[in-house]
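Data first, discussion second: the structure below is written as structure tokens.
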Amino acid sequence: MKKNFNLFRTLSDDTLPLSEALEAQDEESNDINQTTQDISRIIHSLIEEFAAVNDYNMRMDATKNKELRDILEHNRDEETEHAFMLLNLLKKLLPVVETNIQKFLINEEND
């Protein structure tokens, strides 16, 4: 089955895995500039990375094998690194992200 990788996705079916439940009602691609298309790719990739973090956490909880748990933990931590690499690029392409990072993550008043 060939997946349809459209630009703008909404969660449409909670019975499917996240990666298969995303589908689109897209605007015409020639109406959307390259930056907006890249932002959409980043957002979709962030969803996938954080879904992988969630999967690894659940697998870590489920196993009683310490060696396997250590590997899964390593893999989970790499997924978070990938997510923040994407977030770093997103804040360059969509400056309001940097504003909100400063407001909600960096600002010590929010702790």
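The values are calculated or read from the model by the stated rules, or taken from the named source; none is laboratory data. What you are looking at is a predicted structure, and each value in this text was computed from that prediction instead of being measured. Here Cβ is always computed from backbone atoms with ideal geometry, including for glycine, and neighbour counts include all displayed protein chains.
The table for this structure:
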quantity	calculated
Matching option when the condition is modelled with pLDDT of 95 or more, over 15 Å from the mean Cα position of the chain (by Cα) and acidic (Asp, Glu), among 13, 70	70
Residues that are among the small types (Gly, Ala, Ser) and surrounded by 13 or more Cβ atoms within 10 Å (Cβ to Cβ), drawn from the stretch 57-111	83
Wholly enclosed helices (runs of 4 or more DSSP H) of the stretch 27-111 bearing at least 2 residues in contact with a Lys or Arg (Cβ under 7 Å, 6 or more places away or on another chain)	34-62, 95-101
Criterion: surrounded by fewer than 16 Cβ atoms within 10 Å (Cβ to Cβ) and either aliphatic (A, V, I, L, M) or at pLDDT below 85 (or both) - qualifying residue of 34, 25	25
